[in-house]
Amino acid sequence: MEFKQLEFSEIGVALAKRFDCLNYIDITTGAYSVCVRRKVFTRISFPNEGKDFFEDFNIYAPTFIHPDDVENVLKLHNRENLINHLKKNETYSIVYRLIDDSKSIHVRHMGLLSDDRKHMIICVENIEEEIREKKAQDRVLQSARRMARLDDLTGIRNKNAFREMVSTIDSKIESGENVAPFGVVMCDVNELKLINDTRGHNYGDEIIQRTSRIICEIFKHSPVFRIGGDEFVVIISGGDYDNRDSLLKQLKKESRANKQSRTGPVIACGMSVFNPDIDSSFKAVHERADQMMYDNKSELKSVRYKDGLVNTERYDPPIPDERKRKLDSLFGALVTVSDGGYVFLNDMRYDYSRWSLALVDDFNIESEYMYRADSIWRKHIHPDDLEQYNELVDLVLNKDEGVRAMNYRALRSDGTYVMLSTRGFILSNIDGKPEYFGGIIVPQ
């Protein structure tokens, strides 16, 4: 018996160490004593013992419990409510905030009924660290959930987010709820596989990113989703829905211009709107938009423009397709190592070159593909730097196959000159004959 008493005593001490405050209460009379008081509880105004715990708790609780929590805590600690609750459940627990030096501290407050059912033990522990860890975990979880709904390449919403929105819309349609007018725009990048195969996946990724930016800039007030490699969906509503025809026309106009000039992605698109009289699901609207997109894709493929190249006085014969593909492949490899600089590469046999889209945009050049590009680029160079530029180009082309640095000013599309640092080089074939002249251009 003595061993058991000692054992239970040690267990009680061990349990007491977990808590920052322990109170022992006679629930019949209300008499109480505070057995343990540590840390923040040493600064709380509450007697160490008294004749009526419930009366004293009502008096002192508002001085140390957060104002927003006082009402609920006092309601639970009403003598009659608490006794009835303990007789049914034997325990209770509540989390609230203490005020200590103007700071709030979360605590877990637990009450347990003793075996004789005449006494109660109240245990209180500081769980502020636990709360902080949970909030941190919640933030990480929320961030992970957000990331799970975003496309890695473009930063817009992905297929997971699209499915969630479709599910929400379908729930409203199925319940007979009044669904706000909406439309679906389907978009697809023309010939992305060919682009990846001939120009490299880095260039293909650049095209996807540019496509995303174009769609988002046109449909500014609608969610845009990338649901596949080259597939995008816009769910339009509000102002974008009201202006849907003009916005779609704008997208088609920009896509046709890109096809003609070969300076950007060619985007096939189609649109359909929700009709509550015939549409029983989002899928019906989506499928109509998808068909309209494929019709537009066929239309774009059937359109034939002139070559779209600048300086159409070509060598005879013009550059063959096989050489074009080789140029694109080398260009893609050069972009990979360019570290963000502009890139140009010229097939010296046909004087046919390819230039970075960013350079084309920034310097108002008509196309990324050009015959006799050198004569066009020279027009952008500052007159005071032209002689030096010619000398350095001549040095690279005729006397030295190594990498040469060139610094000169060039005219941007906004009418200002920018200093450029260009590393020019020659690539020769296995016989040592120069085949390609290229360079990486970095604005200073």
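Every number in this text was worked out from the coordinates using simple rules, so none of it is lab data. Predicted model, so just to flag it, every value in this text is computed and none were measured. Glycine also receives a Cβ, built like all others from the backbone with ideal geometry; neighbour counts cover every protein chain displayed.
May I ask for the net charge around L22, where only other residues with Cβ less than 14 Å from the Cβ of L22 are counted and Lys, Arg are +1 while Asp, Glu are -1?
+3
Mind checking which of G340, G155, G30 has the largest fluctuation in a GNM of the chain, springs on alpha carbons under 10 Å?
Residue with maximal mean-square fluctuation among G340, G155, G30: G30.
Given H placed 1.01 Å from N in the peptide plane, which residues other than close sequence neighbours of H66 have an amide H under 5 Å from its amide H?
Hits under the 5 Å cutoff: R97, L98, I99.
Need the list of lysines near K39 for cross-linking: C-alpha distance under 17 angstrom, and skip anything on the same chain fewer than eight residues off.
Straight-line reach from K39, under 17 Å: K17, K103.
How much net charge surrounds R409 when only the other residues with a Cβ under 15 Å from the Cβ of R409 are counted, with Lys and Arg +1 and Asp and Glu -1?
-2
What's the magnitude of the charge dipole for the chain around its Cα centre, counting Lys and Arg as +1 and Asp and Glu as -1 at the beta-carbon? Answer in Debye, nearest 20.
240
If you plug each phi of region 22-31 into the Karplus form 6.51 cos²θ - 1.76 cosθ + 1.60 with θ = phi - 60°, what whole-Hz ³J(HN,Hα) values come out, in order, with x for Gly and Pro?
Values, residue by residue: 10, 10, 10, 10, 8, 6, 6, 9, x, 4 Hz.
Hey, with R₀ at 35 Å, roughly what FRET efficiency would R38 and S171 work out to, going by the Cβ-Cβ distance, to 0.05?
About 0.10, to the nearest 0.05.
Would you be so kind as to identify which of V185, Y203, S421 lies farthest towards the positive end of the dipole of the chain, taking Lys and Arg as +1 and Asp and Glu as -1 on Cβ and the Cα centre as origin?
V185
How far is helix 282-302 tilted, in degrees, relative to the longest principal axis of the Cα atoms in the chain, given as a value from 0 to 90 rounded to the nearest 10?
Approximately 20 degrees, to the nearest 10.
Here are some pairs, K324/K379; K159/K193; K159/K297; K159/K259; K220/K324; which of them have Cα atoms lying more than 31 Å apart in this structure?
Going by Cα-Cα distance, K220/K324 fall outside the 31 Å limit.
Whole-Hz ³J(HN,Hα) for each residue in region 427-439, computed from phi via Karplus 6.51 cos²θ - 1.76 cosθ + 1.60 with θ = phi - 60°, x for glycine and proline: what do you get?
Each residue of region 427-439 in turn: 10, 10, 7, 5, 8, x, 8, x, 10, 9, 10, x, x Hz.
In degrees, nearest 10, range 0 to 90: what is the angle between the Cα axis of helix 321-336 and the longest Cα principal axis of the chain?
40
Amide H of E49: which non-local residues (sequence gap of 5 or more, or other chain) have their own amide H closer than 5 Å, using H built in the peptide plane?
V34
Enumerate the calculated ³J(HN,Hα) couplings along region 160-168 in order (Karplus 6.51 cos²θ - 1.76 cosθ + 1.60, θ = phi - 60°), each rounded to whole Hz, writing x wherever the residue is Gly or Pro.
4, 5, 4, 4, 5, 5, 4, 4, 5
For a quick check: with amide H placed at 1.01 Å from N, whose amide H comes under 5 Å from H382's, ignoring anything fewer than 5 positions away on the same chain?
Amide H neighbours of H382: R409, A410, L411.
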